[in-house]
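Chemist: This structure is in structure tokens; I'll ask about it shortly.
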Amino acid sequence: MFNKLCIIGVGLIGGSIARAARQNNLCTTISAYGREEDLSNLQQAQELKVIDSYSLEMAEAVANADCVIIATPVGGMAGIFKQLAPFWSEKVLYMDAGSTKGNVVTALTEVFTAMPPNFVPAHPIAGAENSG
């Protein structure tokens, strides 16, 4: 169990991960990070109790997190990794929910020169079992 889970990108996938984590008692609190243009989504997620708190500041969102899940489009992950770099902790588990792994690992190694051992490239299972 995690004390604090941070979701970066509370859209369909990030919100679903947050709901599943809460329903299965996998964390005590859930924070989220988003951009100014995502403010209404963040507010709605908090009102629906999908998340406990949110911030438009990366440092505040990830502070004291045990696990950080990056649920943004793959094309934006390089920017997220750059924002996360100053706050990256070896004590935190980091994962992504991107649809491709090669691009994610490339973006990560461009920021950190090597893939950090506490990063798990992951993939959500989404859609029907019959879809492509």
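The values are calculated or read from the model by the stated rules, or taken from the named source; none is laboratory data. Just so we're clear, the structure is a prediction, and the values are computed from it rather than from any experiment. For the accessible areas, the whole protein counts, side chains as well, though only heavy atoms, and no ligand, DNA or RNA atoms are used. Shrake-Rupley method; radii C 1.70, N 1.55, O 1.52, S 1.80 Å.
Chemist: Apply the Karplus parameterisation 6.51 cos²θ - 1.76 cosθ + 1.60, with θ equal to phi minus 60°, to every residue of the range 65-71 and state each ³J(HN,Hα) to the nearest whole Hz, in sequence, with x for glycine and proline.
Modeler: Residue by residue, the range 65-71 yields 6, 8, 9, 10, 10, 9, 10 Hz.
Chemist: Additional query: Semi-axes of the equivalent ellipsoid for the range 1-44, please: Cα gyration tensor eigenvalues, times 5, square-rooted, ordered largest first, whole Å.
Modeler: Ellipsoid semi-axes (Å, largest first): 20, 10, 7.
Chemist: Same structure, new question: If you project the alpha carbons of the chain onto their three principal axes, what span does each projection cover, largest first, in Å?
Modeler: 40, 39, 31
Chemist: Further, regarding this structure: Under 8 Å for C-alpha pairs, at least 6 residues apart: give me the relative contact order for the chain, rounded to a whole percent.
Modeler: Relative contact order here is 23 percent.
Chemist: In the chain, carbon and sulfur make up what percent of the accessible area (probe 1.4 Å)?
Modeler: The C+S portion of the solvent-accessible surface of the chain is 53 percent.
Chemist: Shifting gears a bit: Calculate one ³J(HN,Hα) per residue across the range 80-95 by plugging θ = phi - 60° into the Karplus curve 6.51 cos²θ - 1.76 cosθ + 1.60, and present them in order as whole Hz with x for glycine and proline.
Modeler: 5, 4, 5, 5, 6, 3, x, 10, 4, 10, 5, 8, 10, 8, 10, 9
Chemist: Counting only residues 5 or more places away or on other chains, whose amide H sits under 5 Å from the amide H of Thr72 once H atoms are built in the peptide plane?
Modeler: Counting only residues 5 or more places away or on other chains, the set is Ala97.
Chemist: Sorted from largest to smallest, which semi-axis lengths in Å does the alpha carbon gyration tensor of the range 16-86 give for its equivalent ellipsoid, taking the root of 5 times each eigenvalue?
Modeler: 19, 14, 12
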